[in-house]
Amino acid sequence: MSEQQQTKTYRVQGFTCANCASIFENNVKALEGVQDAKVNFGASKVDVIGNTTIEELEKAGAFENLKIRNEREQVVKQESFWKQKENIKVYISAVLLLISWMMTKQYGEESLIPTIGYALSILIGGYSLFIKGLKNLVHLKFDMNTLMTVAILGASAIGEWGEGATVVILFAVSEALERYSMDKARNSIQSLMDIAPKEALIRRGNKEFTVQVDDIQIDDIMIVKPGQKLAMDGIVVKGTSTINQAAITGESVPVVKKVNEEVYAGTLNEEGLLEVKVTKRVEDTTLSKIIHMVEEAQAEKAPSQAFVDKFAKYYTPGIIIIALLLAVVPPLFLNGDWQEWIYRGLAVLVVGCPCALVISTPVSIVTAIGNGAKNGVLIKGGIHLEETGALKVIAFDKTGTLTKGLPSVTDIVAFNEEEQKIMTITSAIEKGSQHPLASAIIRKAEADNLPYKDVNIENFQSITGKGVKADIDGTTYYVGSPNLFEELYSIEKNIKQQITNMQEQGKTVMVLGTSKEIMSLIAVTDEVRESSKEAIRKLHQIGIEKTVMLTGDNEGTAKAIGKEVGVMEIQAELLPEDKLVYIKQLRSKYDKVAMVGDGVNDAPALASATVGIAMGGAGTDTALETADIALMSDDLSKLPYTIKLSRKALAIIKQNITFSLGIKLLALVLIVPGWLTLWLAIFADMGATLIVTLNSLRLLKVKE
């Protein structure tokens, strides 16, 4: 990429509305040296392709008094809402309005003193509004500022000074509320950014010193004391401790971390002193990725938001034409009173302001995505949020999703020897095997502290596809599948029956014996996650029409696990491409289908589902990249919560749009008998904005 084409991201402080963000975007595009620019209003960021300076960008945002920072620079903490400069102007304007109104009671409507008071109130409260509105009017751009400017100037022109001042204040209050609600919604991201410390204690060579995270290098040793948060991702090289990972995975129960285990930036070290070898630069940590993806998600428009934006594009000019016709036609052709009909036309302009409508979707989406991220669910965009709310079928991969993906020993049946001796012999022989089931036996031996490493093994030999054999103290032992022993001699009937019973329970049976007799049966299975059964039950309870388990495993094991977790349908012995074909079949029948997998071999199926949901996003980059939604912990209980959040967001967006348009229609009907005053019109608009905003913020309350 040439120097000219470099993309640089800046943080923006001071956006008041989505419309101002698009004006700023156009201003930045017009700067010299800038090829393109893209503003992300939800995340308060701008991506600039080309060369420019922060000073130039601040000039482009001067109309809104925007402050620009480099992406990695901390944004300056804003003044509290009540002390912000824009709001102080509203207080002064409101006091002037009140004094002027009291003056009219004393000196009468026509007196000069209250008129001057009203005019000052209009100027102080509406100064920045007029600047924007008049600029737009010159360029024939029709937005909220243009509508309000025309309405207020019109009211003053026909002598309705008090009404004009009331409209200014109510509009300013409405804008302040919009700012407040967007800030509240954005805070969910800001709080994510503040999770990880900005510096850490680092050891290089034999020196220890505190370093800013930007200057920490890969392979530095980070020293984390009890009670401190981790500043970087890394691998534990010394110490054992419990780590609270709630910030990343949403898991409230702390996890024990030992040497060689992965830890993440933003998590809290609760007990021991840890030394962690840094594995990623600050911009590549899991937390940075989450923040980046949440911000990108907010920039991606949901279908309902795209509809509202399109609608507002035609709606605003339409309102201006209606207002103009209403002000001019009755006086010209129906002997109407000019002042009365101009006033009604102005009321239409005010009530037509699409504030509530424009804000109805983005606030809901930003709030829902922020809430999800805090609870360990990463939703990568408004479109995925909406699609999840409409899901009918959910398909699950088995291994690593419904099960732990880690085989473990469940049964040991000893015939002539004691269990410990059998496990010691089996572990000693399996030590040389690469088979996943061998690792389950070794883990069991280590957990029981068996001395299997001390056993002297001779003539180890792998019998392809069937098992292994080796000599111990002059005796040849075999460990393998029942088929291996069938070839050596016929297995007794009662032992055969025990093997069949275990296999029907979804267990894989391994046999230990000599060339003369069977000594033991060891059953191994991939354990079902504790959360799987309950999650499936809740999904059925909240109205998911069908749950399906997809697995490459054999029919018997698949049926046993499917029955245990409670899925409606089981598809076994599938290759990754078969899973893909099956997902496509489900989509053609049910339309909205989700696939839940652990993100590696499930990537094709995840991509072809309506919504791809990856398990354990905290550990795997593949899961974070491929899926539309990532459950950051290995916990399926987050799935019903995600669907609940999506449905609630969908319902709130629909309520907001219906309410915003309904209020407009009602107010327009009131114009016919002439009951709609200017202040009532703005009051309806402000009320709608406030209700839509508060309704959206209810999404912060959705819990697991």
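Calculated mean residue ellipticity, 222 nm, the chain: -16500 deg cm²/dmol, from DSSP H runs (n ≥ 4) at -39500 (n - 2.57) each, averaged per residue and rounded to 500. Across the options Pro197, Phe41, Phe130, the greatest Cα extent toward the positive end of the charge dipole of the chain (unit charges at beta carbon of Lys, Arg, Asp, Glu) belongs to Phe130.
Only beta bridges with both residues in the chain are counted; by DSSP, about 80 percent of them are antiparallel.
Across the range 363-497, C-alpha contacts under 8 Å between residues 6 or more apart give a mean separation that, scaled by the residue count, equals a relative contact order of 13 percent. Structural descriptor for the range 202-294: relative contact order 35 percent, calculated from alpha carbon pairs under 8 angstrom and at least 6 residues apart. Helix 85-107 axis versus longest C-alpha principal axis of the chain: approximately 30°, rounded to the nearest ten. Within straight-line reach of Lys67, meaning a Cα separation under 20 Å, sit the following lysines at least 8 residues removed in sequence or on another chain: Lys8, Lys29, Lys38, Lys45, Lys59, Lys77, Lys83, Lys85, Lys89, Lys132, Lys184. Mean sequence separation of contacting Cα pairs (under 8 Å, at least six apart), scaled by the length of the range 520-618, corresponds to a relative contact order of 19 percent. The radius of gyration of the Cα set in the range 383-448, together with its Dmax, comes out at 19.6, 63 angstrom. In terms of the mean number of neighbouring beta-carbon atoms within 10 Å, the peptides 46-55, 642-651 order highest first as 642-651, 46-55. Packing order of peptides 652-658, 581-587, 167-173, highest average first: 167-173, 652-658, 581-587 (average count of other Cβ atoms within 10 Å over each peptide's residues). The convex hull drawn around the Cα atoms of the range 486-545, when projected onto a plane and averaged over every direction, covers 6.1 nm².
Residues in the chain average 46 Å² of solvent-accessible surface per residue, probe 1.4 Å, ligands and nucleic acids excluded. Pairs over the 19 Å Cα-Cα cut-off, from the set Lys431/Lys466; Lys229/Lys277; Lys289/Lys538; Lys229/Lys280; Lys404/Lys559: Lys289/Lys538.
Counting pairs of Cα atoms in the range 631-698, how many percent are more than 17 Å apart? Cα-Cα pairs of the range 631-698 separated by over 17 Å account for 56 percent. Neighbours of Tyr343, meaning other residues whose beta-carbon lies under 12 angstrom from its beta-carbon, give a summed charge of -3 when Lys and Arg score +1 and Asp and Glu score -1. The share of accessible area on the chain that comes from carbon and sulfur is 56 percent, using a 1.4 angstrom probe. Relative to the longest principal axis of the Cα atoms of the chain, the long axis of helix 303-333 lies at roughly 10 degrees. If you keep only loop residues by DSSP, which chymotrypsin sites (Phe, Trp or Tyr not before Pro) in the range 635-699 have at most 14 other Cβ atoms within 10 Å of their Cβ? Here the sparse-neighbourhood loop sites are Trp675.
Here the chain is described by how far its Cα atoms reach on the three principal axes: 118, 63, 49 Å, from widest to narrowest.
Once the Cα atoms are used to define both axes, helix 638-671 deviates from the longest principal axis of the chain by about 10 degrees.
Taking amide H as placed 1.01 Å from N in the peptide plane, Gly513 has its amide H under 5 Å from the amide H of Tyr478, Met519, each at least 5 places away in sequence or on another chain. The residues packed around Met568, meaning those with a beta-carbon under 10 Å from its beta-carbon, carry a net charge of -1 if Lys and Arg are +1 and Asp and Glu are -1. Percent of C-alpha pairs per 10 Å bin in the range 572-615, short distances first: 33, 57, 10.
The values are calculated or read from the model by the stated rules, or taken from the named source; none is laboratory data. No experiment lies behind these values; they were computed from the predicted model shown. Quick reminder, even Gly has a Cβ in these numbers, built from the backbone with ideal geometry, and neighbours come from all protein chains shown. Protein only, heavy atoms only, side chains kept; ligands, DNA and RNA dropped before computing areas. Shrake-Rupley method; radii C 1.70, N 1.55, O 1.52, S 1.80 Å.
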